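Have a look at the structure below before the remarks.
Just so it is clear, none of the values below were taken in a lab; they were calculated from the coordinates. Because the structure is a prediction, the values reported are computed rather than measured. Every residue, glycine among them, receives a Cβ derived from its backbone with ideal geometry; neighbour counts consider all protein chains shown.
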């Protein structure tokens, strides 16, 4: 937006959902930044009135899978409000099914995937398909440290899994032989990669999540993975974006495993995102972030404890002072760009579209009920605090890997003996702690 008047920014929050941005990420924004909180069931009309009353022009924040259909309706009632990311851009946040549909629409390389709402057809398929396969619970952007991702090597394993889990739809994907037993996470701002790293599986494991004993490396990220992530970001018209990418061990071809605007990121990356948004909304009055390609290799040499607390990192554009030094400057092939305007044509047609959060499958309705909106582990699995694993912590509602690792360290070092003590460390609200507490014995 150009001119002297800046648009009114509002931060979009939802009860029981971790907040990705706050006002401190918009360093230097001269005007008041509002916030609006969506309170779930039957809150649509009140929410719309509050946005209008506060005269908000731009709403910044991610929308969780369970509220996606409702916010499509809200956006139609607020045509003057720009959502960042747009509702269309957030299509892939809703489900693994949507990620597949997105990749198919824009011809983005991804593993061959079959999706069945008809259970009989799904069970017939798994009788005759080739194994191994990857089975995922489709709903939601996160798999909580691999808790809802499964590898099956035979029809018997696959049938037993679906009999026990009752996932709907049945989401079945070819298992790629991963190069170096790892996959890649690529984060982008304005279609430019700003952070990328390998995630390697632990000994005896196939899942690459660090909560499953895996490890990370910022070194030697292949250009092919960055190019595919940029292609996906441009197709999504995303202000910020992340892709999980697998490299085939035989062909070296990259494939998109996941992509979304909902992802864990260090605070300094969230600062860069908001600096980019400020540049975009101000018509260039604020400085566009300059993030040299592969800068993550140097930053990644620092302790994660340091990276979690670093804020407002500034890279100046390099200007050579003498002939020859040009070759030492940042000459990456990607530049930070405007995301582009989304439209209804950008969104693939869902296989079985929902119209609101009330149309969720029954198990998800129960999971996200007003009094218990937790993305929970099975009811019969109660954890013991003293021996809870990272994977089990990651299955808790609104938990990410960084938080789970820090909580696990507090438990193992005996600095806490109950979940209530986490409130002193500022990890979660009382409401979130109450939800987590219901998953533990003796708490």
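Based on C-alpha pairs under 8 angstrom that are at least 6 apart in sequence, the stretch 249-321 has a relative contact order of 36 percent. Overall shape of the stretch 112-174 was characterised from the C-alpha gyration tensor. The equivalent ellipsoid obtained from it has semi-axes of 17, 13, 11 Å, in decreasing order. Pair-distance distribution of the stretch 8-71: all C-alpha pairs, bin width 5 Å, starting at 0; shares per bin in whole percent are 4, 17, 29, 25, 16, 7, 2, 0.
Here the residues 338, 405, 424, ranked from fewest to most Cβ neighbours within 10 Å of their Cβ, fall in the order 424, 338, 405.
A straight line joining the Cα centroids of the stretch 179-203 and the stretch 276-291 runs 26 Å. Packing order of peptides 108-117, 38-47, 60-69, 8-17, highest average first: 60-69, 8-17, 108-117, 38-47 (average count of other Cβ atoms within 10 Å over each peptide's residues). Find the centroid of the Cα atoms in the stretch 64-85 and in the stretch 231-258, then give the distance between the two in whole Å. When both Cα centres are located, 25 Å separates them.
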